[in-house]
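A short write-up of the structure that comes next.
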Amino acid sequence: MYILAFESSCDETACSVCEMAEGKRIVKSNIIASQVDTHALYGGVVPEIASRAHIEAISKITYEALEVAGVSLDEIGAIAVTNGPGLIGALLVAVNFAKSLAFAYKIPLVPVDHIKGHIAANYITHKDLEPPFLALVVSGGHTSFFDVKSYTELEEIGSTLDDAAGECFDKIGRVMGLDYPGGHAMDLLAREGDKGAIKFPSPSINDSLNLSFSGLKTAVINYINTTRQRGEELSCADVASSFTKTVVDAIRSKIGSALSKTGYDKVVLAGGVSANSHLRAGILEECGKFGAEFYAPELCLCGDNAVMIGAQGYYEFLDGKRADESLNAYPS
Ligand code: KG4
Ligand code: ZN
């Protein structure tokens, strides 16, 4: 069946058509209207500007997604839409648009959780991947371990208690004057630095699967500011490299206990930060120690997109999940 999917939880307006069936996970189109350049002027996502930009983009990208896929609305079997978590004004744009289309064309409407969507990006990249498995979602808003029991059921078994890892990459990148958002630029810069140059405090919280990134973020920003105030030379590459190693080591340190807690032998990475080359390499190495298989989405499906919403929407549809005209969005 063809699934038309929408995503507008933050600063990407996205629409896709996927063809899903047993043994079939095909992307027919994947259209993303990014607002990155607009928000770059402010150094972060401005919620009201994001909502307005979603409104401007959504009809156009829907036409485009259907045209690229070569599929008409009459052939769509279900409409999937992210209804949370995210920026409320941003979410409401796609929720309302999807709702109108669904009711006008009498197509079943399926609400999708954004986090489950990120995990589902892996079903597209790895055609044979099936739950159960251990998932690690690392994005601009989340850093959590999940016991993924089935395609639609998951349990959070550990999480950051404050900032998300992506948020730290972005804030530190901003303080160092890197391109917005900082994550990708930090990834490249970290390859040129000495990862042992600076000792930063670990975000790992002992004896639990929880993490805390706010202390690390403050320590790195203080280090940058103090070095500058003293008139000493700041090696941004060493900062990026040492910070990244601290994050990767902390996440790695949780993999073994998360695997033994769940009893699984598969680790699935997801979310925008899953594009990070150091994190991917570190988790792959850690999985090797435990004889676990490692999965991550292809780079174009790591960040926010509608393909992942279509993939998850398909499994929610099979599970009987439907929304009616009262569907709302939830921010957290
Ligand atoms: O999943 P996502 O697109 O949006 C949320 O749901 O939050 O994640 C965006 C985050 C941003 O913080 C961005 O800087 C980060 O993912 N990111 C990266 C990389 N690419 C994107 N962080 C580290 N390394 C990267 N290569
Ligand atoms: Zn996301």
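The values are calculated or read from the model by the stated rules, or taken from the named source; none is laboratory data. All values derive from a computational prediction rather than experimental measurement. Note that each Cβ is placed from the backbone with ideal geometry, even for glycine, and that neighbours are counted across all protein chains shown. These accessible areas exclude ligands, DNA and RNA; they are computed on the full protein's heavy atoms, side chains included. Shrake-Rupley method; radii C 1.70, N 1.55, O 1.52, S 1.80 Å.
Scan the stretch 150-175 and report the pairs whose first residue is assigned to a strand (DSSP E or B) and whose second residue is open to solvent by less than 20 Å² (accessible area, probe 1.4 Å) and of a type in the set (S, T, N, Q), with Cβ atoms within less than 8 Å and a gap of 6+ or a chain change.
Pairs found: GLU156/SER144; GLY158/SER144; SER159/THR143; SER159/SER144; THR160/THR143; THR160/SER144.
What is the number of the single condition among (1) assigned to a loop (DSSP other than H, G, I, E, B); (2) farther than 30 Å from SER235 by Cβ; (3) open to solvent by less than 60 Å² (accessible area, probe 1.4 Å) that ALA135 does not meet?
The failed condition is (1).
Test PRO203 against the criterion of being under 25 Å from PRO331 (Cβ atoms), more than 10 Å from ligand 1 (Cβ to nearest atom) and not assigned by TED's automatic domain parsing to the domain that holds GLY43, and give yes or no.
Judged against the criteria, PRO203 is a match.
Does the stretch 223-245 include one or more residues that are touching a strand residue (DSSP E or B) at 6+ places or on another chain (Cβ under 9 Å), more than 16 Å from ligand 1 (Cβ to nearest atom) and open to solvent by less than 50 Å² (accessible area, probe 1.4 Å)?
Scanning the stretch 223-245, I find no residue that is touching a strand residue (DSSP E or B) at 6+ places or on another chain (Cβ under 9 Å), more than 16 Å from ligand 1 (Cβ to nearest atom) and open to solvent by less than 50 Å² (accessible area, probe 1.4 Å), so the answer is no.
Filter the stretch 50-71 down to residues that are in contact with a helix residue (DSSP H, G or I) (Cβ under 8 Å, 6 or more places away or on another chain) and open to solvent by 50 Å² or more (accessible area, probe 1.4 Å), then give me how many there are.
Going through the stretch 50-71 one residue at a time, the tally reaches 2.
Quick check, is ALA270 within 16 Å of ligand 1 (Cβ to nearest atom), in the same structural domain as GLY86 (by TED's automatic domain parsing) and in contact (Cβ under 8 Å) with a residue 40 or more places away in the chain?
It is false that ALA270 is within 16 Å of ligand 1 (Cβ to nearest atom), in the same structural domain as GLY86 (by TED's automatic domain parsing) and in contact (Cβ under 8 Å) with a residue 40 or more places away in the chain.
Yes or no: ASP163 more than 25 Å from TYR315 (Cα to Cα), open to solvent by 10 Å² or more (accessible area, probe 1.4 Å), assigned by TED's automatic domain parsing to the domain that holds ALA219 and within 16 Å of ligand 1 (Cβ to nearest atom)?
Considered against the rule, which asks whether it is more than 25 Å from TYR315 (Cα to Cα), open to solvent by 10 Å² or more (accessible area, probe 1.4 Å), assigned by TED's automatic domain parsing to the domain that holds ALA219 and within 16 Å of ligand 1 (Cβ to nearest atom), ASP163 comes out as yes.
Residue under question is ALA78, and the condition is that it be hydrophobic (A, V, I, L, M, F, W, C), under 17 Å from ALA311 (Cα atoms), more than 15 Å from ligand 2 (Cβ to nearest atom) and buried (at least 21 other Cβ atoms within 10 Å of the Cβ); does it hold?
Considered against the rule, which asks whether it is hydrophobic (A, V, I, L, M, F, W, C), under 17 Å from ALA311 (Cα atoms), more than 15 Å from ligand 2 (Cβ to nearest atom) and buried (at least 21 other Cβ atoms within 10 Å of the Cβ), ALA78 comes out as yes.
Among (1) without any contact (Cβ under 8 Å) to a residue 40 or more places away in the chain; (2) touching a strand residue (DSSP E or B) at 6+ places or on another chain (Cβ under 7 Å), which single condition is VAL46 missing?
Of (1) without any contact (Cβ under 8 Å) to a residue 40 or more places away in the chain; (2) touching a strand residue (DSSP E or B) at 6+ places or on another chain (Cβ under 7 Å), only one is false for VAL46: (2).
Within the stretch 281-310, take every residue that is within 14 Å of the chain's Cα centre (by Cα) and not in a loop (DSSP other than H, G, I, E, B) and give me the one that is surrounded by the fewest Cβ atoms within 10 Å (Cβ to Cβ).
LEU299
For the stretch 140-149, what are the residues that are assigned to a loop (DSSP other than H, G, I, E, B) and in contact with an Asp or Glu (Cβ under 8 Å, 6 or more places away or on another chain)?
Matches in the stretch 140-149: GLY140, GLY141, LYS149.
Conditions tested, residue by residue: (1) within 16 Å of ligand 2 (Cβ to nearest atom); (2) under 19 Å from PRO131 (Cα atoms); (3) crowded, with 21+ Cβ neighbours inside 10 Å.
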{"position": "ASP249", "(1), (2), (3)": "no, no, no"}
{"position": "GLY263", "(1), (2), (3)": "no, yes, no"}
{"position": "VAL273", "(1), (2), (3)": "yes, no, yes"}
{"position": "SER277", "(1), (2), (3)": "no, no, no"}
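Yes/no per residue for (1) open to solvent by 10 Å² or more (accessible area, probe 1.4 Å); (2) outside the structural domain of SER144 (by TED's automatic domain parsing); (3) within 21 Å of the chain's Cα centre (by Cα):
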| residue | (1), (2), (3) |
| --- | --- |
| PHE6 | no, yes, yes |
| ASN30 | yes, yes, yes |
| THR38 | yes, yes, yes |
| PRO47 | yes, yes, yes |
| THR82 | no, yes, yes |
| LYS106 | yes, yes, no |
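Residue by residue, here is whether (1) out of contact with any helix residue (DSSP H, G or I) (no Cβ under 9 Å at 6 or more places or on another chain); (2) within 16 Å of ligand 2 (Cβ to nearest atom); (3) of a type in the set (Phe, Trp, Tyr) holds:
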{"position": "SER144", "(1), (2), (3)": "no, yes, no"}
{"position": "PHE169", "(1), (2), (3)": "no, yes, yes"}
{"position": "LEU178", "(1), (2), (3)": "no, no, no"}
{"position": "MET186", "(1), (2), (3)": "no, no, no"}
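Pairs, please: C-beta under 7 Å, at least 6 apart or cross-chain, first residue under 16 Å from CYS18 (Cβ atoms) and in the stretch 292-306, second among the hydroxyl-bearing types (Ser, Thr, Tyr) and within 14 Å of ligand 2 (Cβ to nearest atom)?
Hits for this filter: PRO297/SER274; ASP304/SER9.
Does any residue in the stretch 69-86 that is in contact (Cβ under 8 Å) with a residue 24 or more places away in the chain come within less than 8 Å, Cβ to Cβ, of a residue that is among the polar types (S, T, N, Q) and open to solvent by 20 Å² or more (accessible area, probe 1.4 Å) six or more places away or on a different chain, and which pairs are these?
Listed by first residue and then by second, the contacts come to ASN83/ASN328; GLY84/SER332; PRO85/SER332.
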